[in-house]
Amino acid sequence: MNATTDRPARRHRSWAEPWKVKVVEPIRMTTRAERERALLEAGFNTFLLRSEDVYIDLLTDSGTSAMSDSQWAGMMLGDEAYAGSRNFYHLEDAVRRYYGYRHVVPTHQGRGAENILSKVLIKPGDTVPGNMYFTTTRAHQELAGANFVDVIVREAHDPASDLPFKGNVDLAALEALIERVGASRIPYLCLAATVNMAGGQPVSMANIRAVHELARRYGIRVMLDATRAVENAYFIQQREAGFAGRSVAEILREFCSYSDGCTMSGKKDSLVNIGGWLAVNDAALYEEASNLVVLYEGLHTYGGMAGRDMEAMARGIEESVQDDHIRARIGQVEYLGEKLLEAGVPIVRPIGGHAVYLDAKAFYPHLDQEQFPAQALAAYLYEASGVRAMERGIVSAGRDRATGRNHHPALELVRLTIPRRVYTQAHMDVTAEAVIETYEQRASARGLRLVYEPKYLRFFQARFARD
Ligand SMILES: *Cc1c(COP(=O)(O)O)cnc(C)c1O
């Protein structure tokens with residue numbers, strides 16, 4: 001079922017979605033005046049807009065996928081027993097079969113798994129290296145007392161670098177860090193695939209193999225953030241020598257075999273609206289995690305999910321690793337990205353797996369980073385078109401815990417995130433036109449200033465005013 005026969009050459013050949021539409025959800029078109037009012041009410045933060053004021057919602061690919069008829073049918077087969085639901089065992093089977101880990105702890109979503117893992121493994125003062133940070137992941141590591149250290153390759157911070165695997169770990173930097181702080185103060189390495197904050201960039205098989213080998217020499221665990229590991233596997237199939245003839249499912253299994261476990265947000269690759277899990281190979285670690293999950297999420301056979309949600313996720317996992325699915329999913333992202341490149345719009349290259357990232361520093365060179373150029377760009381794009389995007393720059397990066405000063409990430413981006421199986425190519429055309437129009441008006445853009453800043457993960461709830 002995995003093998004795709006007669007795979008078309010990737011360039012210059014059209015792909016089409018391997019599904020047809022059975023149910024539709026109407027969306028509302030808005031006027032510019034309505035959008036201006038909505039944006040003002042939202043404090044120029046696209047997270048604070050109401051969904052009904054949005055035309056094409058590219059805020060996130062998290063929990064926004066369209067489920068299949070099989071997944072919806074599975075929802076009716078929910079076994080809502082408090083303990084030992086049959087849907088849990090289906091989920092466990094799916095994770096074992098497609099990801100290859102031995103033990104599975106369900107959680108309500110990815111951050112639930114991050115919380116449990118951080119609490120089980122991190123002692124105050126520890127260091128956790130990672131290939132660029134992710135917001136919730138780093139927040140949980142820091143709450144548990146760890147210092148996060150970025151060991152991604154240098155090119156990941158350069159939006160114009162065309163390296164095929166910009167998610168890779170810089171092995172020399174990792175080894176230097178281990179020598180400096182000592183292996184005993186590094187409970188695990190957190191490896192994300194693909195790297196969301198770098199623009200959805202993949203990690204190569206050669207790199208994870210080398211990371212695994214290096215970590216093993218020092219007795220350090222490798223924990224995968226497997227949220228978009230299926231998309232990562234597709235990039236390996238397309239870009240890495242020796243993998244062209246192998247299925248995404250096979251590549252995923254091998255990839256995960258170089259790690260000791262993973263945290264997972266099922267809301268991304270696994271095609272569900274809610275759900276996640278923690279998986280580990282080590283029995284003792286599983287015992288601790290399945291004990292802690294009872295405190296924070298629920299019993300270890302539901303972990304904050306209804307039985308029906310676990311069933312939908314088990315089925316979603318199987319659908320997610322089909323070559324036809326993943327080729328169309330990433331094909332749609334590439335379609336949008338290539339339209340923008342043709343128009344000369346500055347975007348992160350290569351085009352990522354789940355999103356196209358606009359380079360706000362190149363868009364608005366006249367704005368200082370402290371004027372939140374990416375936040376400002378997301379606001380202008382919404383005003384012009386009703387397309388909702390997300391800031392991934394200085395606002396998301398937050399403040400240094402010690403000095404209280406803003407982190408200044410090299411990447412100041414706006415993310416156009418494509419939900420899976422939701423929008424058509426025509427929606428991508430409309431989106432491209434809106435971005436191009438916003439780009440044409442870039443000279444008159446003004447910056448923003450913060451008027452309200454929450455304590456944790458400020459990008460979700462911060463409010464701004466226009467300069
Ligand atoms: C979304 C995401 C998470 C967190 O998962 P939630 O389900 O949103 O809690 C962790 N890591 C990455 C890379 C993500 O994209």
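The values are calculated or read from the model by the stated rules, or taken from the named source; none is laboratory data. On a predicted model such as this, the values are computed, not experimentally measured, just so you know. Backbone-built Cβ (ideal geometry, glycine too); neighbour counts: all protein chains shown. Only protein heavy atoms, including side chains, enter the accessible area calculation; ligands, DNA and RNA are left aside. Shrake-Rupley method; radii C 1.70, N 1.55, O 1.52, S 1.80 Å.
Rounded to the nearest 20 debye, the dipole magnitude of region 69-320 is 280 debye, with +1 charges on Lys and Arg beta carbons, -1 on Asp and Glu beta carbons, and the Cα centre as origin. Using a cutoff of 8 angstrom between alpha carbon atoms and counting only pairs six or more residues apart, the relative contact order for region 69-320 works out to 33 percent. The residue among LEU411, TYR456, VAL422 whose Cα reaches farthest toward the positive pole of the charge dipole of region 380-467, with charges on the beta-carbon of Lys, Arg, Asp and Glu, is TYR456. Count Lys and Arg as plus one, Asp and Glu as minus one, and take only other residues whose Cβ is under 10 Å from that of PRO202; the net charge is then +1. Decide, for region 256-333, between rounded, prolate and oblate: order the square roots of the alpha carbon gyration tensor eigenvalues as a ≥ b ≥ c, take rounded if a/c falls under 1.5, and otherwise choose prolate if a/b is larger than b/c, else oblate. Oblate, because a/c is 1.5 or more while a/b does not exceed b/c.
Taking trypsin sites (Lys or Arg not before Pro) in DSSP loop conformation with at most 13 other Cβ atoms inside 10 Å as exposed sites, the chain has its longest uninterrupted site-free stretch at 51-400.
The dipole here belongs to region 254-323: it is taken about the Cα centre, uses +1 on the Cβ of Lys and Arg and -1 on the Cβ of Asp and Glu, and is about 320 debye. Taking the Cα centroid of region 372-417 and of region 223-266, what is the distance between the two, rounded to the nearest whole Å? Answer, in whole Å: 29. Classify the chain as rounded, prolate or oblate, taking a ≥ b ≥ c as the square roots of the eigenvalues of its Cα gyration tensor: rounded when a/c is under 1.5, otherwise prolate if a/b is larger than b/c and oblate if not. Rounded.
The order of TRP15, TRP72, TRP277 by accessible area, most exposed first and with a 1.4 Å probe, is TRP72, TRP15, TRP277.
Taking TYR188, TYR380 and ordering them by how much accessible surface each has at a 1.4 Å probe, largest first, produces TYR380, TYR188. The Stokes-Einstein estimate for region 64-152, based on a Kirkwood radius over Cα pairs and taken at 25 °C with 0.890 mPa s viscosity, is a diffusion coefficient of 157 µm²/s.
Sorting HIS408, HIS300 on solvent-accessible area from highest to lowest, probe radius 1.4 Å, gives HIS408, HIS300. Normalising the average separation of contacting C-alpha pairs (under 8 angstrom, six or more residues apart) by the number of residues puts the relative contact order of the chain at 24 percent.
Candidates LEU143, VAL169, GLY130 compared by Cα position along the dipole of region 122-188: farthest toward the positive end lies LEU143, with charges placed on Cβ. Each Lys or Arg adds one and each Asp or Glu takes one away; over the other residues whose Cβ falls under 15 Å from the Cβ of TYR82, this sums to -2.
Ligands, DNA and RNA left out, the accessible area of the chain computed with a 1.4 Å probe is 51% carbon and sulfur. Candidates ALA279, ALA226, ASN207 compared by Cα position along the dipole of region 185-286: farthest toward the positive end lies ASN207, with charges placed on Cβ. Each Lys and Arg contributes +1 and each Asp and Glu -1, all at the Cβ; summed about the Cα centre of region 185-318, the dipole is approximately 340 debye.
A 1.4 Å probe, protein heavy atoms only, puts the accessible area of LEU77 near 90 Å². Rolling a 1.4 Å probe across the protein heavy atoms gives region 326-467 an accessible surface of 37 Å² per residue. For region 384-467, the alpha-carbon coordinates run over 47, 33, 23 Å along the three principal axes, in decreasing order. Measuring only protein heavy atoms, the 1.4 Å probe finds ILE178 accessible over about 10 Å². Can you tell me how region 69-320 classifies by the Cα gyration tensor, rounded, prolate or oblate, using a/c under 1.5 as the rounded cut? Cα axes put region 69-320 in the oblate bin.
Summed over qualifying helices (DSSP H, 4 residues or more, each -39500 (n - 2.57)) and divided by its residue number, the chain shows a 222 nm mean residue ellipticity of -12000 deg cm²/dmol.
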